[in-house]
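Contents: one structure, followed by commentary.
What follows draws every value from the coordinates through simple rules; no lab data is involved. Just so you know, these numbers come straight off a predicted model, no measurement behind them. Positions of Cβ are backbone-derived with ideal geometry, glycine not excepted, and every protein chain shown enters the neighbour counts.
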Amino acid sequence: MTDSTGKVIPGTNPNYNHTNTWGNTVCPSPLGAHGWEPSSYSPKSTSANPSGLFFVPTFNFCASIAVNKAQFISGAPYMGMDMALTLQPGAKGQGTLLAWDPYNHKPAWKVDEAYPIYGGILSTAGDIVFYTTLDKSFKAINSNTSAPLFKASLKCSSVGNPMTFSDGGSQYVAIYSGIAKSTGLMATDKGACSDTATKGALIYVYGL
């Protein structure tokens, strides 16, 4: 549909071209302040946090949005927009791991990360929180203080969820490495890996 001057009215034609007209910057971006990445709750209480803590991965992006050409294809992404991401004012990185105190209704601590936390969070009874970032890093920190405990470099970035299991009386933690190219646009140093590269689709297992 067009207006009286022949200009396409955004949202009325599934095949209109990019208008190259950008709207005002909005915060958070369409990625959300927190996306689908699973959070973790630890019911283990302390004197400072008697109701335990939620561990939440968050994004620190704002975005400007413009109308984009959109053609509906069954089963394919259908957005009809272009998005330009920018960091939120005052952000110290693209992602933040937030420990939320539900008893006092405020953050207990936070860890700023240079790259997004695009996977889930694992918290254990041993006061450890595990997570990955899109710079191929797998990390463990103290759940009470956020002090770093462990960091490993993966062959490929991960958007998976760390998990833990026991075998023969020993405890292990595992993480899947290998992400798609669209997510990898926010990764560093070819963090997405090639779809055909053997360095993708790996499972790492560490002893605790």
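For the listed peptides 37-44, 59-66, 82-89, a ranking on the average number of other beta carbons within 10 Å per residue, highest first, reads 59-66, 37-44, 82-89.
Label-to-label distance for residue 86 and residue 64 is 0.7 nm, based on points extended 7 Å past Cα in the beta-carbon direction.
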